[in-house]
1. Expressed in nm², what is the orientationally averaged projection area of the convex hull enclosing the Cα positions of segment 170-268?
2. Cα convex hull of segment 55-180: mean projected area in nm², to one decimal?
Amino acid sequence: MQNKYHSSPTRTYPTLRSAAAIACLSLSLALTACGGDSDTTGLASSMKTQATAKAGRPPPVVQIQPNQSLTGLWMNAGEQEQEYQLTLPIGTTAMKIQVVGTGAPLLNLSDRPDMSTSTQQLALCMVDARTCQMAFAPLSAPKSYYFIVGTRTSYTDTTITSFVSPAAIPLESGQPISSLAGNATDPVTYYTVVVPPGASTIHTTVTGGTGVPPKLYFINLVPIDYNAYGTGTLDVTLTSKPPGTYYIFLTPGAPAATYQGWTLTATVS
């Protein structure tokens, strides 16, 4: 049986939580032991979660780890939405939550576990109904975000993926990431953009913030065999460059300068 709210996570990085830990979390409020390593444990977790939702009580909050995917998610129309929690560690400078699936797996985000608030920063991070991405000054303490998928509407075959720096944050062509901030001592946050075969240019802008405009760098894979940089706007001709993944990052526009509230957009054409 497919687990309704979360299945065994797809590991995107080496430090991800195991499927057994996810199963234990789902059963943490149940009066059963969690320690078995057979498939019946996951099945019991799924049945317990579904029974809780149908009884009108919200199912336990599911923890999604940084740089982790939860796959095989589904929900019937009218049922209680599952709530998820993503906790960002100290030093994080950017994050992205992306939902891909069939039906209407719409993303709703809050910084409170009761889903009661939506700050301007969270509103700006929603680049579309299924994607939230934002950047910020390095966190001095862990910070949690909460989200639900779906609004009493059905969806199937859905995957939730979290991307958290220092891993690179993938950008879609034309989709902005807002609230970028930094100074000379902050760690560099890398963003990636995929250049498909036949693309001729990439137009990259950093707009709308305060302070000295940051410098914008565009590089190929390491070892670097191609790079370009500019301030504010960077147009790169790609006709002689191979398709693939390219990296973008920002640095302060002057020694000891800081920047705040900038928005980065990369458009491939």
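Bear in mind these aren't lab numbers, they're just calculated from the coordinates by the rules spelled out. The structure presented is a predicted model; accordingly, all values stated were derived computationally and were not measured.
1. Mean projected area of the Cα convex hull: 5.8 nm².
2. 7.6 nm²
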